[in-house]
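S.K.: My questions all concern the structure below.
What follows draws every value from the coordinates through simple rules; no lab data is involved. Values in this document were obtained by computation on a predicted structure and should not be read as measured data. Here the Cβ is made from the backbone with ideal geometry for all residues, glycine too, and neighbour counts use every protein chain on show.
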Amino acid sequence: MRISWILLLFFPFAFVGAEESRSFFSEEIRSGRIPSFSEIRSATVSTEGILLDRNGIPLQKIRLDHTFRRLSWTDSSEIPEALVLALIAQEDRRFPFHGGVDLKSVLGAIKDRMLGGPKRGASTITMQLAGLLIGSKPGRRSLSEKWEQMKVAWKIESSWSKQEILEAYINLIPFQGEFVGIRAASRGLFGADPSALGPEEAIALVALLPNPGSSQKNWIRRGCWLSSAIGRSDLCQPIREIVPNLSRKGMRKEQEPSLAYHAAHKIWSAVEGESGTSESFRSTLDANLQISAGAAMDRVLSQVSGKNVKEAGILVIENRTGAILVYLGNSKSSRESFFVDAIRARRQAGSTLKPFLYALAFEKNLLTPESLLMDRPKEWELVGGSYKPGNYEERYNGSVPAKIALASSLNVPAVQVLDWTGVPEFVSRLSELGFHKLKNPDHYGLSLALGTADVTLWELVNAYRTLANDGLFGVPTFDPEEAALNGQFWKEGETDRFRRIYRHEAVTSVKKILSSREDRAPTFGWENHLSTRFFTFVKTGTSQDMRDNWCIGSSGDYTVGVWMGNMSGEPMHDVSGVTGAAPLWKEIITILEEVGPSSIVTQNTVPDAKPSLPISSVRGGGRVRIRYPESGNLFALDPEIPEENERIRFEAGPAISSLEWILNGTSLGAFEGNYYDWKPKRGKFLLSVRLPGGVILDTVAFQVR
């Protein structure tokens, strides 16, 4: 049997969904206005967001609504013919001919009820769609509810085409469990998009609609009946075979890249509720740098794990554009607190605020870098008591220049400088720098010089970026377009995008001091993790009782911030900023200086685009690239090939002696030669390659179905 007319109902459309349509338009529909198909489509978004890097590489999938699961709208060209035929045969055989209400079915249902016959439904596809848009609850309807559905169905038929009605219904109808719409059901039960479904799978989905909780026996019986109804009795046996294997516990668990959990949550929490929110967001993040920074974080944490250090956070911002290149809110190895974002968590600042205090004093001409400050025990008499700060390990240096006092992070001189500048003025300046939740100056007193305020890594990194930008403050961004505009306006100096916080002379003095190995030597020695082969200025900080340690610093182009500690507040064991956070900071700032981020691909070719990293660390100065697979490749598991024999060969070049392959952030190991034969499994994957122990050289995205 072939229903040729059905093919006339289909041509392409875009996105739409269910739950938001019902809630957004139900009152309007009840008042008499029927929204257009395009209104329903544009009012709906997926319940999942996909975070992409600057070149379209997928980094993270995020669930935006946990009450139901809806994926992107399925275009008519993707819907299998068998599904449409089975749907009409089951739900509304006279769909092409009625005007929204099938009067013959209605009269038959009334007759059966009056004569005591079996109850049967008379709802057409259009009436069911009306119920979805009104927001009717599942189950049998009262006569008044039925009448309301009928009136809305007539209005829909008068303003929508048949193809719009059918397409909307297929995308809005709830299937089994949490699945709403054909794509969610198809991906959830079969792990494939609708276009990839076989006819027996399509019919099995339709057979679920009357009773999503039915037994396998009834499910198979209905599937076989539908197969016969559309002239495909041969599909009954395949349906008998597939139904027992279908998952009934929710979306099939496929491997997905999970490289930016905290960034994804920050981005979508910022745009939550905005109309037109996209299912995917192309960000300024760099996949290669994100992976490299994550590997470095795990490596350094493992080295200090014996000192009760469990968690860390890393933030990297490009100075002029404000583009956020790396956002790692915690280590995946953190079992206790992975879901806590260390970049946004408020922790005690320690000595990280001292550069801003000295910059204020320089600007007010209270001292110069060469001014002598006394570094010896001193007690300040205050209202209601006294304050007597001490240096780390109670070592004092006597009379020292201000530049050594700052670079060596001496506490007593810093308190003296704050006493001169005044606590209220320092709090005001910190607020201008973006430290938004500071308390009243009297709450801190002179202890603010030693970092008793609670701050975030986000605030600290952007404040140091302000120093790197010659005292100009700008707002960081995940948006590539905003970053590009920042870069354009940067040359104009103080504009709507940049406001001056410190004068040039004060900033220059602070940066020179924080870049001097000689000035920091009295406390940190000559050889430490703060020294780099290129220009950087950097400051560490350790909070009271060693609960937090920080290292924030900038090169000409980038500002990198690292926090290490325990989200529980447990103290670390003999770990300071220079021994904990600084090694990680140095590794990341070195990667940035030697490699840099991949250049942004401006064409909208997501997810086909792949990053290009200029690397000349291999023989002959060539670039190490992944030659196979290519970004965007889609592989299908072949049921004819024994599972133990199926392989995908990863290939990179040019020829080098050894490579390390990384899949979804997990190392597969280092292997001789340029090849690795991988046993495939279903999912979405990010494949990266690097020299053993080195930085990420190239990354591609591919999928296996």
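S.K.: Taking the Cα centre as origin and putting +1 on Lys and Arg beta-carbons and -1 on Asp and Glu beta-carbons, what dipole magnitude results for region 619-704, to the nearest 20 debye?
M.R.: Rounded to the nearest 20 debye, it is 400 debye.
S.K.: Shifting gears a bit: Report, in deg cm²/dmol and to the nearest 500, the calculated mean residue ellipticity at 222 nm for the chain, where each DSSP H run with n ≥ 4 adds -39500 (n - 2.57) and the sum is divided by the residue count.
M.R.: -10500 deg cm²/dmol, from helical runs alone.
S.K.: Now for a separate question. If you average over every viewing direction, what projected area does the convex hull of the Cα atoms of region 264-356 give, in nm²?
M.R.: Averaged projected hull area, Cα only: 8.5 nm².
S.K.: For region 537-550, just list the computed ³J(HN,Hα) in residue order, Karplus coefficients 6.51, -1.76 and 1.60, θ = phi - 60°, integers in Hz, with x standing in for Gly and Pro.
M.R.: 10, 8, 9, 10, x, 9, 7, 4, 6, 6, 8, 9, 9, 10
S.K.: Tell me, what are the semi-axes, in whole angstrom and largest first, of the equivalent ellipsoid of region 193-250 as set by the roots of 5 times the Cα gyration tensor eigenvalues?
M.R.: The answer is 16, 14, 10 Å, longest axis first.
S.K.: Given the C-alpha centroids of region 500-522 and region 355-392, what is the distance between them in whole angstrom?
M.R.: What the calculation gives is 17 Å, centre to centre.
S.K.: So how far, in whole Å, is the C-alpha centre of region 322-354 from the one of region 180-215?
M.R.: Computed from Cα coordinates, the inter-centre distance equals 42 Å.
S.K.: Let me ask you something else. Please give me, ordered by residue number, the chymotrypsin sites (Phe, Trp or Tyr not before Pro) of region 287-345 that lie in loop per DSSP and have at most 13 other Cβ atoms within 10 Å.
M.R.: Here the chymotrypsin sites (Phe, Trp or Tyr not before Pro) that fit, given the DSSP loop and packing criteria, are Phe339.
S.K.: Work the Kirkwood hydrodynamic radius out for the chain: mean of 1/r over every pair of different alpha-carbon atoms, inverted, in Å.
M.R.: 29.1
S.K.: Using 0.36 nm per residue of separation minus the Cα-Cα distance, give me the extension gain between Asn365 and Arg647 in nm, one decimal.
M.R.: Length gained, Asn365 through Arg647: 94.6 nm.
S.K.: For region 290-594, give me the percentage of DSSP beta bridges that are antiparallel, rounded to the nearest 5 percent.
M.R.: 95
S.K.: Then there's this: Checking a compactness column here: for region 290-594, what do you get for Rg(Cα) / (2.2 N^0.38 Å), N being the number of residues?
M.R.: Taking the Cα Rg and dividing by 2.2 N^0.38 Å, one obtains 0.94.
S.K.: Between the alpha-carbon centers of region 425-475 and region 28-54, tell me the distance in whole angstrom.
M.R.: 42
S.K.: Using a 7 Å offset from the Cα along the Cα-to-Cβ direction at both Phe339 and Trp420, what is the distance between the two label points in nm, to one decimal?
M.R.: Between Phe339 and Trp420, the label points sit 5.0 nm apart.
S.K.: Another question about this same structure. Mind checking region 631-685 for GluC sites (Glu not before Pro) that DSSP puts in a loop (not H, G, I, E or B) and that have at most 11 other Cβ atoms within 10 Å?
M.R.: Hits after loop and neighbour filter: Glu640.
S.K.: Label Ile242 and Arg299 with points 7 Å out from Cα along Cα→Cβ: what is the distance between them in nm?
M.R.: 4.7
S.K.: Just the C-alpha atoms of region 520-582: what Rg/Rh do they give, with Rh taken as the Kirkwood radius?
M.R.: 1.00
S.K.: Quick one: if the Förster radius is 51 Å, what FRET efficiency do Ser26 and Glu594 give, using the C-beta to C-beta distance and rounding to 0.05?
M.R.: With R0 = 51 Å, the Cβ-Cβ based efficiency is 0.30.
S.K.: Another one. Relative to the longest principal axis of the chain, what angle (0 to 90°, nearest 10) does the C-alpha long axis of helix 216-229 take?
M.R.: Approximately 60 degrees, to the nearest 10.
S.K.: Which of the trypsin sites (Lys or Arg not before Pro) across region 303-372 are loop residues per DSSP, with 10 or fewer other Cβ within 10 Å?
M.R.: Answer by residue number: Arg335.
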